[in-house]
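Data first, discussion second: the structure below is written as structure tokens.
The values are calculated or read from the model by the stated rules, or taken from the named source; none is laboratory data. The shown structure was predicted, so the numbers you read here are calculated from the model rather than taken from an experiment. Here Cβ is always computed from backbone atoms with ideal geometry, including for glycine, and neighbour counts include all displayed protein chains. Each accessible area value is taken on the protein alone, full model and side chains, heavy atoms only, with ligands, DNA and RNA left out. Shrake-Rupley method; radii C 1.70, N 1.55, O 1.52, S 1.80 Å.
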Amino acid sequence: MRQKLVAGNWKMHGNSQSIRELLAALTPAVAESAAEIAVIPPLVYVPLCVDLLAGSKLSIGAQTVSEQCDPGAYTGEVSAEMLADSGCHYVLVGHSERRSLYGENDALVAAKTEAALNAKVLPIVCVGETREQREAGETLKVVGRQLDVVLATLKSEHEKITVAYEPVWAIGTGLTATPEQAQEVHAFIRTQLAAHSAELADTVRILYGGSVKAANAAELFAQPDIDGGLVGGASLDAEEFAAICNAIG
Ligand code: PEP
């Protein structure tokens, strides 16, 4: 049985005051949630979150990681070992904003996934199609390719990844994939994992992301291949994010 996961990607939002307020409201509101819950703050606020979340059920993730494993002259980069050392349990790789704004391609996403696993930080591998690709009927081809590169690059520990299906046209737009649209792609991803091994298909969690809100979370999470959510905008509002976490049955 896969433990459902809801992760809140704060992107480049917040400050120490707003984070204190958000977590003070969120922590008690999700104490009874059946989901595993993670918050993914901007990197500089990870230590503050570690402090504020000590003893709670929430874990912490980072929004990106260097593909470089060894220390060296990589100005501005942060290694997976540093993330682990700072208290990060998860890291996002391949978020569509990293792919589109910072030119991260499938090979780099795969290298980052491998670097995370080497340091025992669990990667959440984001995949998803643009609106143009969906309209051209290329959704499964695009998602399949993005995931294939990761699966083919990893030499071991495939079962430690989490996949997040995030249609690019649904991220931050208020447009959500219908539960049927999301389930279709999740089922496809599950089949792709099964081609690797039946155990992998059973173990790996597949999250849905793209304008998840309290109003649509329960219906999305009820789909058989949706194992939780990756939530952007709505994770900045404690009440809304708690309602999403509590929508896990
Ligand atoms: C995201 O950033 O991963 C995301 C899904 O954003 P939003 O929920 O705002 O669409």
**Complete:** Going through segment 10-50 in order, the residues found to be within 16 Å of the ligand (Cβ to nearest atom) and open to solvent by 10 Å² or more (accessible area, probe 1.4 Å) are Lys11, Met12, His13, Gly14, Leu22, Pro42, Leu43
**Message:** Checking the structure you have, find out if any residue of segment 133-156 is without any contact (Cβ under 8 Å) to a residue 40 or more places away in the chain, assigned to a helix (DSSP H, G or I) and of a type in the set (Asp, Glu).
**Reply:** yes
**Item:** Of the criteria (1) away from the ligand (no atom under 16 Å from the Cβ); (2) in contact (Cβ under 8 Å) with a residue 24 or more places away in the chain; (3) among the small types (Gly, Ala, Ser), which one Gly94 fails
**Value:** (1)
**Request:** Tell me, please, whether a residue that is touching a His at 6+ places or on another chain (Cβ under 7 Å), in contact (Cβ under 8 Å) with a residue 12 or more places away in the chain and open to solvent by less than 20 Å² (accessible area, probe 1.4 Å) can be found in segment 175-194.
**Result:** no
**Message:** Here is a list: Leu108, Leu147, Leu58, Leu53. Which entry is within 17 Å of Ala7 (Cβ to Cβ), under 18 Å from the mean Cα position of the chain (by Cα) and more than 16 Å from the ligand (Cβ to nearest atom)?
**Reply:** Leu58
**Asked** If you check Ala234, Ala215, Ala222, Ala201, which single one turns out to be within 30 Å of Lys155 (Cα to Cα) and either open to solvent by 10 Å² or more (accessible area, probe 1.4 Å) or more than 13 Å from the ligand (Cβ to nearest atom) (or both)?
**Response** Ala201
